[in-house]
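Read-outs throughout are calculated quantities, based only on the coordinates presented, and are distinct from any laboratory measurement. None of these values were measured; they are calculated from a predicted model. Glycine gets a Cβ as well: all are built from the backbone with ideal geometry, and neighbour counts include every protein chain shown.
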Amino acid sequence: MKKLILLTYSFPPLSTGGTPVVLNLCRYLPDNDWKVIVVTVANPRGMNTDSSLSAELPDDLQVIRVPHGKIAAASPSFITGKQNSAAKLFSFIIHNYILIPDRVITWRKRVLPVLKQVIETEKPHAIMSFGPHHSLHLIGLSAARDAMLPLFPFFGDLWLEDSYVEWPSRLNRLIELFLERKVTRAARGIIATTGESAGYFMDRYGDMCPPTHVAENAYDPRRITWADYPVPDPDHLTVGWTGNFFGMQSPEELLQGMEMFYGRNRESLLRVKMAGAISPEAVRRIEADPLKGKVTHFGHINWADIPAFQKSCDVLVGYLSARNGSAFKNASKTAEYLMSGRSILGIVPEGAMADRIRDPGRGYIVHPVAEQIASVLENLEYQWKTSALRVPVDKTAIEKRFSAVNVMEKLSVFLDRMAAP
């Protein structure tokens, strides 16, 4: 069996959009003759955690955890109140011009020696770095060069064209373009989650771009099945959303759209359930008219409870703000939505995620514009009342494209070919 070192920050108990991808790598690559050895963080900093995720790890998975020291300076967004402008300026400089490409670069000093020791002991066939955080690609590159091993950067989201990121200056973007180019030119192969993302590398780097592979964000068939249980509330049209709003993602248009909808449909039977992290201001709006009693925020729910939450809904919502880079993205939960058998509403710009919700999802697509959101909710309630909601029907097509079993089998073939001497 070949050995793959997986360098990742997104790993249980860290609960991020990348964690399901990493879990699928750990569970299903070994079924295809690739033993995964994980090098990850012992104490993840500044992100949501979920202790129940640890139960998802394979019993025989080899995991090396490396502590992450203190991260200098609070993020500017957390400096509030009467703190002086000098502190904000210092934090801005630290986070945008020193901690490049991101704050996880401070982990390098501790993790790189451990990574090199693991390579010497295990003698792997390849290294895979999973980002974001994209610091890991730079750390993986250093280790791969020293050991003369092939490096496979896995871009769960793109580096430069990520709609969750805002660049503070042209200088900052040029620095990170240099770093992305450095990683791309040194990689044996690039792994992305959409054809659009893989195409970005081919378009930007041309002949310098190594072979690319698309590993779709997939559902785990062990936890997501094509089943009807639990049954949604028959007396209401239940619309559900799972995920977190963070970075440059804002629920503003979604909130405005729901406020418009309930403002002109006071007797509506539509109810909205939201699970995940949203801002305190968003929570206050949900608890005020016209959303009060109609929209419920459940906060964090455990990983194991998410499938039942999704299936308790008639319609599941995928949401992306209209920003540069959104067209490349597809949320990791899209595959779960497709396999749930429920109707899907994509409040997204045109691009990768919209394409997947349309086909094979047979879903509804509107742009993240308040008026469009209000109108589609009215349309969905009418279709619900007339038993005309569209749902995915081609289970075979969904399994073939989005089951982690199939996705990881195809990835292993790519690794077999590209990691050969």
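Summary of packing: across the peptides 339-351, 20-32, the per-residue average of other C-beta atoms within 10 Å ranks them, highest first, as 339-351, 20-32. What's the angle, to the nearest 10 degrees (0 to 90), between helix 170-186's Cα axis and the longest principal axis of the chain? Long axis of 170-186 versus the principal axis of the chain: about 60 degrees.
In this structure, the residue pairs whose Cα-Cα separation is over 22 Å, taken from Lys35/Lys410; Lys294/Lys395; Lys35/Lys116; Lys2/Lys109, are Lys294/Lys395; Lys2/Lys109. For Ala218, what is the net charge nearby, where nearby means another residue's Cβ is under 13 Å from its Cβ and Lys, Arg count +1, Asp, Glu -1? Around Ala218, the charge tally is +3.
Mind checking which of Leu149, His367, Gly299 is farthest towards the positive end of the chain's charge dipole, using Cβ charges of +1 (Lys, Arg) and -1 (Asp, Glu) about the Cα centre? Working it through, the farthest residue towards the positive pole turns out to be Leu149.
Applying 1/(1 + (r/R0)^6) with R0 = 60 Å to the Cβ-Cβ distance of Asp233 and Asp146 gives a FRET efficiency near 0.55. Taking other residues whose beta carbon is less than 15 angstrom from the beta carbon of Asp203, and scoring Lys, Arg as +1 and Asp, Glu as -1, yields -2.
Couplings 3J(HN,Hα) for region 106-118, derived from phi with the Karplus relation 6.51 cos²θ - 1.76 cosθ + 1.60 (θ = phi - 60°), are 5, 7, 3, 4, 8, 7, 4, x, 5, 4, 5, 5, 4 Hz, where x marks Gly and Pro. Computed from Cα atoms, the angle from the helix 195-205 axis to the main principal axis of the chain rounds to 40 degrees. A protection proxy built from the mean count of other Cβ atoms within 10 Å ranks the segments 233-240, 390-397, 217-224, most packed first, as 217-224, 233-240, 390-397. Using only alpha carbons, region 246-405 has a radius of gyration to Kirkwood radius ratio (Rg to Rh) of 0.94. If you take all other residues with their beta carbon under 10 Å from the beta carbon of Leu29, and give Lys and Arg +1 and Asp and Glu -1, the sum is 0. Think of it as helices only: each DSSP H run of n ≥ 4 in the chain is worth -39500 (n - 2.57), and spread over all residues that comes to -11000 deg cm²/dmol at 222 nm. Could you pull out every one of the aspartates and glutamates with an alpha carbon less than 15 Å from that of Lys123, ignoring same-chain neighbours closer than 8 positions? Straight-distance partners of Lys123: Asp146. The magnitude of the dipole of the chain, with charges of +1 and -1 set on the Cβ of Lys/Arg and Asp/Glu and taken from the Cα centre, is near 1140 debye.
Between Ser268 and Glu166, the modelled labels are 2.8 nm apart [label points 7 Å from Cα along Cα→Cβ].
Measuring nothing but how far apart in sequence close Cα pairs (under 8 Å, 6+ apart) lie, relative to its length, region 237-398 scores a relative contact order of 25 percent. Can you tell me, using C-alpha contacts under 8 Å and at least 6 residues apart, the relative contact order of the chain as a whole percent? So the answer I get is 15 percent. Multiplying the residue separation of Arg108 and Phe298 by 0.36 nm and removing their Cα-Cα distance gives an extension gain of 64.7 nm.
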